[in-house]
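Notes to accompany the following structure.
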Amino acid sequence: MGKFIHGGLRLGQAHLNRMLAERDLGRNIRSSRQTLDQCLDHWLDICARPRLRAKSFRNYSSLLTRYVRPHLGSRSFGELSPAEIQKLYSELLSRKLSPGTIWYTHSVLFSALRQAVRWRLLLTNPAEDVHLPRQPRRRFTVFDVGQPHQWGVDRISQDFLLFSVKNSVKFEHDFPWSGGMCKVLASPLQRG
């Protein structure tokens, strides 16, 4: 295995037992020498790039570069723990990142680590045992035909109002204004 252990016989025997147990469980012993950065690069090139659209691939790479790599990138891949990932998410939340961004970052990291488990580089996915921040519930609004009149809007403006609502709200279905109701079935679009 080519590794020197400095210390007594017990320390050397304990290390040997750990390495043999990892080998018996099917874990790739070489993965313990790799950093998380190296494994994420490999995963992005081999798995993510072929199956993702270009924009999604850029988003994945950007999330990992901005949030994961500065905190955990230099860590030994085999020694990554759920506590370290949890600490990362707590730090991101304290930096006022939205829970949605943290969830998205988690899903990318989780996918990379899940693939490492499939490749037998890890025994378990350390991102499985992490608690994510709560996402606030979104409220939905139903607009009635009479409401624009209450707001002092005439018929010409109602069409503009419908156009404005449709452009600022994500619709699951388009409902005709003449039907008497415009029902919003999805949350407001994220802009920024």
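Read the figures in this text as sums done on the coordinates, not as results from a lab. Note that the structure is a prediction, hence the values are computed from the model and not measured. With ideal geometry, Cβ positions are generated from the backbone for all residues, glycine too; neighbour counts draw on all protein chains shown.
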(Q) Given points 7 Å out from each Cα along the Cα-Cβ axis, report the Q86 to A21 separation in nanometres with one decimal. (A) 2.1 nm
Q | Full-stretch length increase - F57, H131 - with 0.36 nm per residue and alpha-carbon distance subtracted | A | 24.1 nm
Q. Among residues other than I85 whose Cβ falls under 14 Å from its Cβ, what is the net charge (Lys/Arg +1, Asp/Glu -1)?
A. -1
